[in-house]
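Just so you know, all these numbers are worked out from the coordinates, no wet-lab data involved. Note that this is a predicted model, so its numbers are computed, not measured. Because the Cβ atoms are built from the backbone with ideal geometry, glycine has one as well, and the counts that use them run over all protein chains shown.
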Amino acid sequence: MLTERQLEIVLSVVYEYITTGEPVGSRTISKKYVKGCSAATVRNEMSDLEEMGYFYQPHTSAGRLPTPSAYRVYVNSILHRSRSAPPGLESWVRSVKRQKSGVEMVLSQISRLLGQVTSYLGVAAVTSVDDLALCKIDLIRMGERSVLLLVVLEGGIVRSRQILLNHDIDQEALDELSSSVNQVASGNPWNKVRDVLAQYVSGRLEEYWDLCRATIDRLDSMLSRETYHMSTGGMSQMFNVPDFADLGRLQTLLALVEEESTLVGMIKDCSADQGVKVTIGTENLIPSMKDCSVVMASSSVGARRSIVGLIGPVRMNYEHSIAVLEAVLDGLNDDDSYDDIEEV
C-alpha cells in the first residue's frame, strides 16, 4: 500500500517521464512536484519504490524510469477524475456523420483523425454486423459450378464469398434466386430472417435447393460470425513518436494491422462493454505487444457497440488519449445511433 507521499512521487515520475522522455531524478521531483520534501528524502522514497517494483534504473548513475506498475497507478488516477474534451472533436465527428457517408467511410475518417490528433495508431469499430439490415444480395456466375455471392449491408458494407456447386447453373437461375432472397430479406437484419428465408426457398425454389442451401450457409457464415467491422488509420504519423524510432516496433504494429483476426481478438480483449479500458505493456495478451499500450473507449446502443481506440508506446500521453477517445465516442453516439449515416 502506497503512502500519500509515495503516491505523489509515482504520479510525478510518470508524468515527468511522459513529458520529457528522460530518466527522472530526485532533485527534479523535489523542485517541481513534491516541494515540501528535500531531494534526499525523495531519493530515499524512490529507492523504496524501486524495490516495490514501481521504478527501475537504466544504469546506476541515471534517474528512475516507471515500470508498468507505476503506469497503472497513473492511469487509474486519470480514470478517477473528470477530463475536459479537446475542443472541436465532437463537432468534427458529427459533421462527418452529416455528410451521409457509409459506415466504412465514417470509420476510416475517424481512425485517421485519431492518428492525426495523437500521433498514435487509431482504431474505429462497430460490432454486431448480424444486427445490420441486409440491403441486397447478388449471385454472379463466375465459371462452371462457381458462383460469387455479393452482400450489401446497411451503411454500404459489402461482403463477398465464392460458392462451389455440384453442378453448373445459368445466370438466369441465379438472378431468380437473388430476387427471391431479396424479396424476403431486404431491409431486415440477418438474425431475424435466417430461418424464414430457409423455409421460403425450400418451399418455392426446390429445383435450386443445392444452390439455395449453399447460399444460406454462406450468408450465415458471413453475417453470424463477423461481429466486428473496423478501420485502422495510417501509420506514417508514428514515425514522429520517439519511442517508435526502433523500426522493429513499427513492424510489430504493421503485422498486427495486416492480421485482421489478431487485431479483432486484441480489440475484444482490450475493450470493455462500456467506458474506457487501458491495457499497458505486459498486460497485453499478445507477447509482441509488450512495448505498446492500448486505450479503448466503447459504448453500447441496443445490440450495437461503438469502439474507438489508440495503440501507442507504453510512454503514451494517456490523459490526452483518453480525452480524445471520449470526445470522439460522444460525437459518434450523438443522436444515439448510426441512423443518420446513409445506407448505400
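Between Leu150 and Asp220, what length comes free when the chain is fully extended (0.36 nm per residue of separation minus the Cα-Cα distance, one decimal in nm)?
Working: separation 70, 0.36 × 70 = 25.20 nm, distance 1.32 nm.
That pair, Leu150 and Asp220, stretches by 23.9 nm at full extension.
Please sort 71-83, 270-282 by packing, taking for each peptide the average over its residues of neighbouring beta carbons within 10 angstrom, highest first.
Order by mean packing, descending: 270-282, 71-83.
Counting each pair of different Cα atoms once, what's the Kirkwood radius of the range 4-79 in Å, rounded to one decimal? Working shown, then result.
Details: mean 1/r = 0.0832 Å⁻¹.
Over the range 4-79, the inverse of the mean reciprocal pair distance is 12.0 Å.
Report the local net charge at Leu7: Lys and Arg +1, Asp and Glu -1, summed over other residues whose C-beta lies under 13 Å from its C-beta.
Values: positive: Arg5, Arg72; negative: Glu4, Glu8, Glu45, Asp48.
Combined, the nearby Lys, Arg, Asp and Glu give -2.
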Return Met316, Met1, Met238 ranked ascending by Cβ neighbour count within 10 Å, so the fewest neighbours appear first. Met1, Met238, Met316
Ranked highest first by average number of other Cβ atoms within 10 Å, how do 111-122, 3-14 line up? 111-122, 3-14
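At 0.36 nm per residue, minus the direct Cα-Cα distance, what do Ser186 and Thr282 gain on full extension? Give it in nm, one decimal, please. Could the numbers behind the result be given before it?
Values: separation 96, 0.36 × 96 = 34.56 nm, distance 4.61 nm.
Gain in length upon complete extension: 29.9 nm.
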Quick one: length gained pulling Ser236 to Lys35 fully straight, 0.36 nm per residue minus the C-alpha distance? 68.3 nm
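Sort Glu144, Glu22 so that the residue with the fewest other Cβ atoms within 10 Å of its own Cβ comes first and the one with the most comes last.
Details: Glu144 9, Glu22 12.
Ascending number of Cβ neighbours within 10 Å: Glu144, Glu22.
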